[in-house]
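Asks: Sharing a structure with you now.
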Amino acid sequence: MHAVYGIRHHGPGSARSLATALAAASPDALVIEAPEELAELLPWLDDPALQPPVAALIWATEDSKKASFYPFAQFSPEWVALRWARAHGVKVYCMDLPMRHSLALRAQVRVEPLVADPADATVDPQPPGDFDDPINALAQAAGYADGESWWEHVVEARGHAAFEAITEAMAVARAAGLGRLDDETLRREAWMRQTLRAALKFGHAQVAVICGAFHAPVLTADALKTHAIKDDAARLKGLAKTKVDATWVPWSHTKFAIASGYGAGVEAPGWYAHLFEAASPDDVAASWLSKMAQALRAEDIDAPVASVIESVRLAQALATMRWRPAPDLRELREASLAVLCHGEILKLKLAETRLLGLSPRYDVLGQVPETLPQSPLQSDFSAQNRSLRLKVEALERVLALDLRQDADRAKSQHFWRLHLLGLAWATPVAESRGKGSFRETWTLCWAPEAALCLIDAGRYGGTIALAARARVETKLEPSAALAQLLALADNVLKAALNDVLTNVLAALDARAAVASDITELMAAMPPLIALLRYGDVRGTDLSGLQALLHGVLTRSCVALPSACAQLNADAALALVQSLDGTHDGLRMLADAALLEEWLAALVTLGGAASTPPLIAGRTTRLLLDASQINHTAASQRLSQALSRASAPVDAAAWLEGFLRGSVHLLLGHAELRNLIGSWLSGMNDVDFQSTLPLVRRAFSTFAAAERRLLLQDILQAGSHSTSVNINDEYDPGGLARVRAGLRGWLGQ
Amino acid sequence: MTTLRQPVEIQFQEELEALRASDTLPRPPRWQLSPQAVATYLLGGDAGGKTITAKYVGSRRLIETAIATLATDRALLLLGVPGTAKSWVSEHLAAAISGDSSLIVQGTAGTPEEALRYSWNYALLLAKGPSEAAIVASPMLRGMRDGKLVRIEELTRIPADVQDTLITILSEKLLPVPELDIAIRAEKGFTVIATANNRDKGVNELSSALKRRFNTVVLPSPATLEEEVGIVQMRVAQLGHALELPELPPALDEIRRVVTIFRELREGVTLDGKTKLKQSSGTLSTAEAISVVSHGWAMAAHFGDGTARAADLAPGVAGAIVKDPVQDAQVLKEYLETVIKEREGWKDWYRAARERV
C-alpha cells in the first residue's frame, strides 16, 4: 500500500503540505528520490549542528572533478520529509540512480572534445529533478507568473487531496510531451521502480513515495504493473561503476536561484525562505513588508511603521482586485514601490538585494557538524582557521594585514599556501600605491564549490603545508616560462615554504641559463629584485635568491649590447621600461657589486654604435642620474645626438629616451634646454612634422604641473633673451584672413 | 454641441453605462463602478457585449496599483515626465469612480490657500456675521461634502505652505474651520489624485510628511515604438473628430516616422542602438507627438491637398525639437545630416526639414 507525493523541489508550499500529509498518513517507510549514497549521510540529520542550506556532495574517489551537489534548504520538501523520518524512526529508502553509476555514465557520455580545459570540467550541480518544469508550464497556462504562486493557490487551499490531482496533471503533461524524456530520465525511473518494488516487498504497511512531480505518474501502483520488471531490468543491465565518496558541505542561498544556473532553481530564495518561516499565511505580507522597511532604514531611507501598515493594506487590495487569496511577491513589490519607496525603483532594488537572497553580499551559508568525517587536509584547514581566528563566510570581507605583526604574518602565509593549492577563498588585492612592503590586503569570500577543491587537494598531502609543497613540485616543469617560475617563486616565498624554495630557485636558474630572449630576462629582473626586498620583511633566507639575481644580472649585462642591436621601435620601448625598472631596483637594493656591474654594462651599451637611439638616450640619462657622468658630458652627448648629421627621427628617439620621466633635468639646466630649442627651431618643415609626434611623446611623460613649470621657465628665459627672429617674408593674404577671423571671434 | 471639449464622463457616457449595468462586483462606498470595472474602463475590454476602448496603453499593473490605492482611500500621486498621460489618467479615473471629473484644483505658483480650503462670501459675512452659509467651498471642500474624487494638477508648483494644508485633509479626512470652531468631515468616497511632473525647474518639493500621505505611481514613457504609434494614432483620430477635420487621418507610415524621430531624440540613440545622438532640451513626449501629428493633419487639410505628408509634418516636428534656438538647432541639424540623410526612403523628410532649419 503506497501513496505517491509529487512535490516541487525547493517549494515551501510543497514542504508544508507534505509535512501535513506525512503527519496525517504516518507511513512506516519513506521512499525518497535521492541517490543511494545519500543514505549513509542520513544519520547526521540528527545532529543539530547541521544547519541548512547544506548540500550532499558525492564525488568519484579517483577523479574528484566528477562530482554532484544535492542542495537542501530549510524550505525543501525533501529536507522536511527526511527530518520527519529521522524524528519518527521511519526507515528511508533512497531510490534514485546511484551516483556510482551516474558518474561513471557521465564519463562515457560526456566525451565532448570542447571540454578539454580541466578547469571547465568541474562541478555539475545536478538537481534531483527535471529540467523543463511542467509545473511552470501548467501555472502559466492558468495565468500565474510562476509555478510556486500557482502551487500555493492550488495546494494550500485544498490540502491532501491535491497530491492525487497533481499526479493526474503530470500524467497528462507527460502525455502531451512536456518535460524531458531522454535515456537518462528513463533509466532513473526504471531504477526508482525497482527500489520501490523492493521496499514494498519488505512488508511495510504504509509506504510514502516522495519524488519530483514529473516522475509521480510512473511510480503509482498502476504504473508498477504497466512497466514490466524485465523491461526495467533490461534498461539497468551492465551499467558502468566507479567508486564514490559522500559528505555534507555548507551551501548558500544564492546558489538556489535560477540565475546561478541551477536547473531546479527558484526565482528568489529569500522569498521562499520567508514563505516557509511565516507563522501563518496572513502573516506573510506584514512580515515581508516589515523586513522591507528595515532594509530601507539600514540604507538610511525613511520607512515609518505607518507606511508599512499602508503598504500592507495596498497589497491586500491589489490581491483582491486580482482574485488572489493572499498577496504574492509581485503584489508586495508593487505595494512597497508605491508606498515605501515613493515610486523610486532604485530604492526598491536597494532594499530587495538584502531580502531576495540573490545577492552574494547578503548571502546565508549553512553549517556542517565538526564530527563529519573529513580528509586530513580538511581537518588541518579547519584547525588552521581556528588557530588564526579566521571564519569561513559567504559574505565578502576585506582583510588588511600588517606583516610586521606575527599573527598577521601567519595569516598571510596561510593564505599564500591556499593560493598555491588553488583554493578560491582568499584573493590578494593588488596594492595600487605600493607604499610599504609590509602591507597586504586580501578579499575573503567562500564559494560553496571551494569545498570540492579542498577535497581534491587532499590527494597532494595530509596537511596544507605538505599539499602546497607537492603542488609546487608538480609545477616545476622544464618548459615553464621564466615569468611563471618567478611568480611561483614569489608565491612560495610568501608562503614560507623554504625547503621547496631551493628547488624553485634551481629551476629558475636552469631556465635563466637557457633563456636566450633578452627581453624575457630583462623583464624578469624587476620582479626578482622585488622578491629580494620582500624577503627582508619576512625574515627568510635569501642567499639562493641573491645568487640567482647575480646570475641573471651577469647574463643580461653580457647579452645586452648584442641583443639591442636589432630591436625595432616597440621592442626598444619595452626594453627601456625594463631598464628603468632594473636600474631603480638595483639602486634600492644597495648592493654595490651588482650596481657596479650594471653601470659598467650601461656604459658599454651607451658606447656601442649599434644601439637604438632610444636606448642610447636612456642609458645616458640613467648614467647621469647615477652620477657616473657629469652634465658637461651629458650635454656633449646630447648635442652629438641632435646634430644635423643624424636623421631627425633618430634624434627625436634619443631625446625621448633622454627626457622620459622627469622634467627636472630641463628645469635646472638652461644649457640642455637651449640645445633642444635650437635643434627644434633649426629644422625644416618636413622634418619638423615627422619628429613632432616623437618629441611630443617624450614631453607627454611629464606631469601637467611639471610642464607648466617648464613653460614658465621658458617664457621667463625668453623675455631675457635679446635675439628676436623676424621673418621678413610674410603672406598678406594670410594676414587678411587672420584679421577676418579675429573680427568674427570678437563678434564684429 | 459647441464646446471645444466635452467632459470625459459625457464623451464616454455609453461605455460607463454599459459597465455600470454589467458590473456585479462589490463597490466601495459611493463608487460608481467596482475597481475591476474601473480597470476595464481604463485599459480596454468588454462589458456586457459593448467593447470598451483602451484609454491608457501601458502597464496593466500600474493602473491596478493606482485603482487599489484609491479603493483603500489613500491619496494617489501620479509622477512622470510631461506628456505621459498623468492628467489624462486622473481625469478618467475621476469620471469612472465618481462620475464627475470637474472637481479640479489647478496648481500654480500663485495658488492661494483658499483654492484648497474655502473662501468667504464677504457680503453675507458682513451682513449676518460668520456662519456656515457664508463659506464658499473650494473644489476640495465640495469633494469632501459630496464624497467625490478631487484632482489636483501640478502639485509641486503649489507653494510649500499651501501644500501643507493637505496634510490634515489627507490623514484625518477633516477640514478645520477655526473661524467657526467647527470641522468639516469628509464623506465616504472622498479621495484625492494629484499629478506632478519631475522635470521642471522651479518646483516645490513635497515635504516628507506630505509625501508620506500619498501612494506614488510613476507613469513611464511608452516602452516600445509600436505602443507609442498606437497611442498617437488613436488620439489623433479622436482629436481630429473633435476639431471636425476632414475624413482622412494621416497614414500610419507618417505617424510612425514622426514617432521614430521623437523616440530617437528622446533616448539619445538611434532605434538600432548604433549611433549616439545629442538630445534636445524639449521633452518630446507622446503628447507632443500627438499634437504635432494633428497640427500636420490640419495643415494638410486646410492648406494642402488633404493628405498629410512630410512637408506638413516637418514644421511641427522642428518646432517641438527646437526649444532653445541655438543648441537645439544644432541638435536637429546633426540629426538630419547623420541619420535622416542616410536612411532609405526618408528623402522627402530630409528635404522638408532642411528648409525649416
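Asks: Could you pull out the residue among A:Ala19, A:Ala55, A:Ala73, A:Ala25 that is touching a strand residue (DSSP E or B) at 6+ places or on another chain (Cβ under 6 Å) and small (Gly, Ala, Ser)?
Replies: A:Ala55
Asks: Now for a different question. Quick one: is B:Gly296 touching an Asp or Glu at 6+ places or on another chain (Cβ under 9 Å) and surrounded by 14 or more Cβ atoms within 10 Å (Cβ to Cβ)?
Replies: Spelling it out, B:Gly296 is indeed touching an Asp or Glu at 6+ places or on another chain (Cβ under 9 Å) and surrounded by 14 or more Cβ atoms within 10 Å (Cβ to Cβ).
Asks: Give, as residue ranges, the helices (runs of 4 or more DSSP H) completely inside segment B:103-222 that count at least 2 residues that are out of contact with any helix residue (DSSP H, G or I) (no Cβ under 6 Å at 6 or more places or on another chain) and either under 30 Å from B:Pro82 (Cα atoms) or not assigned by TED's automatic domain parsing to the domain that holds B:Ala68 (or both).
Replies: Qualifying helices (runs of 4 or more DSSP H): B:139-146, B:160-163, B:165-172, B:208-212.
Asks: Would you point out the residue of segment B:249-281, among those that are part of a loop (DSSP other than H, G, I, E, B) and touching a residue at least 60 places away in the same chain (Cβ under 8 Å), that is nearest to B:Val331 (Cα to Cα)?
Replies: Checked segment B:249-281; the qualifying residue nearest to B:Val331 (Cα to Cα) is B:Leu277.
Asks: Considering A:Ala223, A:Ala216, A:Ala234, which residue is of a type in the set (Gly, Ala, Ser) and either part of a strand (DSSP E or B) or in contact with a Lys or Arg (Cβ under 9 Å, 6 or more places away or on another chain) (or both)?
Replies: A:Ala223
Asks: A follow-up question, please. Enumerate the pairs (first residue in segment A:652-665 and over 21 Å from A:Pro612 (Cα atoms); second residue anywhere and part of a helix (DSSP H, G or I) and of a type in the set (Lys, Arg)) with beta-carbon separation below 9 Å, excluding pairs fewer than 6 apart on the same chain, so at least 6 apart or on different chains.
Replies: A:Val663/A:Arg707; A:Leu665/A:Arg621
Asks: Name the residues in segment B:75-96 that are farther than 19 Å from B:Thr283 by Cα and touching a Gly at 6+ places or on another chain (Cβ under 8 Å), would you?
Replies: Across segment B:75-96, the qualifying residue is only B:Leu77.
Asks: Sticking with this structure for a sec: Can you list the strands (runs of 3 or more DSSP E) found entirely within segment B:43-94 that contain at least 3 residues being touching a strand residue (DSSP E or B) at 6+ places or on another chain (Cβ under 8 Å), crowded, with 17+ Cβ neighbours inside 10 Å and modelled with pLDDT of 90 or more?
Replies: B:75-80
Asks: Kindly indicate the residue of segment A:342-367 that is within 14 Å of chain B (Cβ to nearest Cβ) and buried (at least 17 other Cβ atoms within 10 Å of the Cβ) and also nearest to A:Arg330 (Cα to Cα) among those meeting that condition.
Replies: If we take residues in segment A:342-367 being within 14 Å of chain B (Cβ to nearest Cβ) and buried (at least 17 other Cβ atoms within 10 Å of the Cβ), then A:Leu348 is nearest to A:Arg330 (Cα to Cα).
Asks: Collect the residues in segment B:214-232 that are surrounded by 21 or more Cβ atoms within 10 Å (Cβ to Cβ) and either within 12 Å of chain A (Cβ to nearest Cβ) or over 20 Å from the mean Cα position of the chain (by Cα) (or both), keeping them in residue-number order.
Replies: B:Phe214, B:Asn215, B:Thr216, B:Val217, B:Leu219 - these are the residues of segment B:214-232 that are surrounded by 21 or more Cβ atoms within 10 Å (Cβ to Cβ) and either within 12 Å of chain A (Cβ to nearest Cβ) or over 20 Å from the mean Cα position of the chain (by Cα) (or both).
Asks: Continuing with this model, one more query. Condition first: assigned by TED's automatic domain parsing to the domain that holds B:Arg142 and under 15 Å from the mean Cα position of the chain (by Cα). Can you find one or more residues in segment B:19-39 that meet it?
Replies: Looking for residues that are assigned by TED's automatic domain parsing to the domain that holds B:Arg142 and under 15 Å from the mean Cα position of the chain (by Cα), one finds none in segment B:19-39, hence no.
Asks: A further question follows. Test B:Leu170 against the stated conditions and say whether it is within 18 Å of B:Leu76 (Cβ to Cβ) and within 14 Å of another protein chain (Cβ to nearest Cβ).
Replies: yes
Asks: Could you tell me how many of the residues in segment B:282-294 are in contact with a Pro (Cβ under 8 Å, 6 or more places away or on another chain) and assigned to a helix (DSSP H, G or I)?
Replies: Result for segment B:282-294: 3.
Asks: A:Gly607: within 24 Å of A:Ile518 (Cα to Cα), without any contact (Cβ under 8 Å) to a residue 12 or more places away in the chain and not aromatic (Phe, Trp, Tyr), yes or no?
Replies: yes
Asks: Also, quick follow-up: When you go through (1) within 14 Å of chain A (Cβ to nearest Cβ); (2) farther than 16 Å from B:Trp88 by Cα one by one for B:Phe262, which number turns out not to apply?
Replies: Single failed check for B:Phe262: (1).
Asks: How about segment B:313-345: which of its residues are crowded, with 19+ Cβ neighbours inside 10 Å and in a loop (DSSP other than H, G, I, E, B)?
Replies: Of everything in segment B:313-345, just one residue is crowded, with 19+ Cβ neighbours inside 10 Å and in a loop (DSSP other than H, G, I, E, B), namely B:Val322.
Asks: If only one of A:Asp580, A:Asp584, A:Asp570, A:Asp625 is over 40 Å from the mean Cα position of the chain (by Cα), surrounded by fewer than 21 Cβ atoms within 10 Å (Cβ to Cβ) and of a type in the set (Asp, Glu), which one is it?
Replies: A:Asp625
Asks: Here's something else I'd like to know. Any residue in segment B:233-255 that is under 23 Å from B:Ala66 (Cβ atoms) and charged (D, E, K, R)?
Replies: Looking for residues that are under 23 Å from B:Ala66 (Cβ atoms) and charged (D, E, K, R), one finds at least one in segment B:233-255, hence yes.
Asks: Looking at segment B:21-39, which of its residues are in a helix (DSSP H, G or I) and within 14 Å of chain A (Cβ to nearest Cβ)?
Replies: Of everything in segment B:21-39, those that are in a helix (DSSP H, G or I) and within 14 Å of chain A (Cβ to nearest Cβ) turn out to be B:Pro35, B:Gln36, B:Ala37, B:Val38, B:Ala39.
Asks: How many residues does segment B:192-213 hold that are within 12 Å of B:Ile169 (Cα to Cα), of a type outside the set (D, E, K, R) and either within 13 Å of another protein chain (Cβ to nearest Cβ) or over 22 Å from the mean Cα position of the chain (by Cα) (or both)?
Replies: 1
Asks: Next question. Out of all the residues in segment A:439-495, which are closer than 19 Å to A:Lys411 by Cβ, of a type outside the set (Val, Ile, Thr) and out of contact with any helix residue (DSSP H, G or I) (no Cβ under 9 Å at 6 or more places or on another chain)?
Replies: Those that are closer than 19 Å to A:Lys411 by Cβ, of a type outside the set (Val, Ile, Thr) and out of contact with any helix residue (DSSP H, G or I) (no Cβ under 9 Å at 6 or more places or on another chain): A:Arg439, A:Trp446, A:Ala450.
Asks: Also: Checking the structure you have, find out if any residue of segment B:2-12 is touching a strand residue (DSSP E or B) at 6+ places or on another chain (Cβ under 8 Å), free of Cβ contacts under 8 Å to residues at least 40 places away in the same chain and not in a helix (DSSP H, G or I).
Replies: no
Asks: Here is a follow-up. Go through segment B:40-92 and report how many residues are of a type in the set (D, E, K, R) and within 14 Å of chain A (Cβ to nearest Cβ).
Replies: Count: 6.
The values are calculated or read from the model by the stated rules, or taken from the named source; none is laboratory data. Here the structure is a predicted model, which means the values were calculated and not measured. Neighbour counts run over all protein chains shown; Cβ positions are idealised from the backbone, glycine included.
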